[in-house]
Amino acid sequence: MKYIKHSVEQLLIAYQLIRWTVIIIPVSIVVGSLVALFLWLLEEVTAIRQQHDWLLYLLPLAGVFIYFLYKKLGRNAEAGNNLIMEEIHQPGGGVPARMAPLVLITTIITHLFGGSAGREGTAVQIGGSMANMLARWMRLSAADVRIILMAGIAAGFGAVFGTPLTGAVFALEVLAIGLIRYDALVPCLIAAVFADIVCSAWGIHHTHYQILFDKSNIVFHFIHFDFLLLTKVVISGIAFGLVSNLFSICMHNIKAGAKKWIRPAWLIPVAGGVIIIAGCYLLGTRDYIGLGVTSPDPDGVSIVSAFSNGSFSSWAWLWKLLFTAITLGMGFKGGEVTPLFFIGAALGHTLAVLFGAPVDLFAGLGFIALFAGATNTPIACTLMGVELFGTSHVLYFAVACFTAYYFSGHAGIYSAQRIAVRKDHHID
């Protein structure tokens, strides 16, 4: 009887695997294709903005257009990632399909006119809204809708960064601090892998980063790391966690303060646009607007340049933090993650110079660890380090991400993220 029962269980598992594969593949095709379109458009408008500097001066008007577009058509879609997460926690009105085109268009507008924003939020919202639309067409149950929404998050994240394993684990880990949802493990993995394949099939190429550091002062043959370097990584991890907390607090407070003090509401993005323009003028550079992955100026500050030993502003991380918090906190659209990569890589570069540590390694650690602190997803970010930089320094990746996670506190960039296990070890 036990053998028969075990065989039945295996058949049920096989059935669920096949069923979810059939359900998820359409989601992956749609999300992967839309993310590919988004990334292509993003590259095009970034090139246009860099060729026409005067577009930055239209940023306040672009903000007004975004405000009225969401006011007229957005409704609950303006809640963005938080709406998707709340719908997974407690199904209600659903995630509207209009979220995908709205966030795609408005993110492109933000980047065209010089806002400092990222792309993860847009990709995740595309994934969540398309997954919910397909779930309605398939008439899935409430329990299955939760899973397909998580798969949508995984598909969007995996495709936009070319990191499918990270995308899958991120979707499982981001919903609640200290908890991973294993009920959606296989659907999320299938969604992230297939969406990444579809996105790549459209000819989209992701930026490649390299950590060339490959030297450690090993005293004992049975210890496979440098104690002094590890100490520097721990100290840096604390800094990454504190700065990620600072970013979350700044963004939330700017948003709340703008709503409280600026009237009428459409003036909020106008004020934000004016501040961004003034910031570029005062600093004498436009390195802190847009994505910041690369810079048209060979001597400019960017994520890529943070991995090299060239000249680099010690406060680049702070300027990018402020530019992004103002952009996203005052009504413009886009993600937080790519700016977090910039902030982390720039801070890692600064700390490496201060500590006499390898610049490329510490830029890579900041790249993933600041993200881990701001989103409370240390495991996903450790895996991102492996997918982006290889396995040679995985111990340092884990130490930096886990340390940043604890020192970032319970604040994060997603207000809908719940606390399952507190970081001070008390159950909530």
Going through the range 332-368 one residue at a time, which ones are touching a strand residue (DSSP E or B) at 6+ places or on another chain (Cβ under 9 Å), open to solvent by 10 Å² or more (accessible area, probe 1.4 Å) and assigned to a helix (DSSP H, G or I)? none
Residue identified as of a type in the set (Val, Ile, Thr), surrounded by 17 or more Cβ atoms within 10 Å (Cβ to Cβ) and farther than 21 Å from Val193 by Cα among Val8, Val95: Val95
Among (1) within 22 Å of Phe341 (Cβ to Cβ); (2) at pLDDT below 95; (3) not aromatic (Phe, Trp, Tyr), there is one condition Thr107 misses while meeting the rest; what is its number? (2)
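Could you name every one of the helices (runs of 4 or more DSSP H) located completely within the range 68-177 that has at least 3 residues being in contact (Cβ under 8 Å) with a residue 24 or more places away in the chain and over 30 Å from Leu55 (Cβ atoms)? Reasoning before the result, please.
Values: elements: 81-89, 99-112, 120-138, 142-161, 164-173.
By residue number, 81-89, 120-138, 142-161, 164-173.
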From the list Val27, Val22, Val45, Val31, exactly one residue is without any contact (Cβ under 8 Å) to a residue 24 or more places away in the chain and β-branched (Val, Ile, Thr). Which is it? Val22
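From Ala256, Ala265, Ala278, which residue is hydrophobic (A, V, I, L, M, F, W, C), within 27 Å of Ser408 (Cα to Cα) and out of contact with any strand residue (DSSP E or B) (no Cβ under 6 Å at 6 or more places or on another chain)?
On the way: Ala265 fails: within 27 Å of Ser408 (Cα to Cα); Ala278 fails: within 27 Å of Ser408 (Cα to Cα).
Step by step, each of Ala256, Ala265, Ala278 is checked, and only Ala256 is hydrophobic (A, V, I, L, M, F, W, C), within 27 Å of Ser408 (Cα to Cα) and out of contact with any strand residue (DSSP E or B) (no Cβ under 6 Å at 6 or more places or on another chain).
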Positions within the range 285-315 being open to solvent by 70 Å² or more (accessible area, probe 1.4 Å), more than 16 Å from Ser116 (Cα to Cα) and modelled with pLDDT of 90 or more, in sequence order: Trp315
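Can you tell which of Phe397, Phe407, Phe371 is in contact with a Leu (Cβ under 9 Å, 6 or more places away or on another chain), open to solvent by less than 30 Å² (accessible area, probe 1.4 Å) and under 24 Å from Asp226 (Cα atoms)?
From the options Phe397, Phe407, Phe371, the qualifying one is Phe397.
The values are calculated or read from the model by the stated rules, or taken from the named source; none is laboratory data. Worth saying up front: this structure is predicted, and the values here are computed from it rather than measured. Don't worry about glycine lacking a Cβ; one is built from the backbone with ideal geometry, like all the others, and counts go over all protein chains shown. Calculation scope for accessible area: heavy atoms of the full protein, side chains included, ligands and nucleic acids excluded. Shrake-Rupley method; radii C 1.70, N 1.55, O 1.52, S 1.80 Å.
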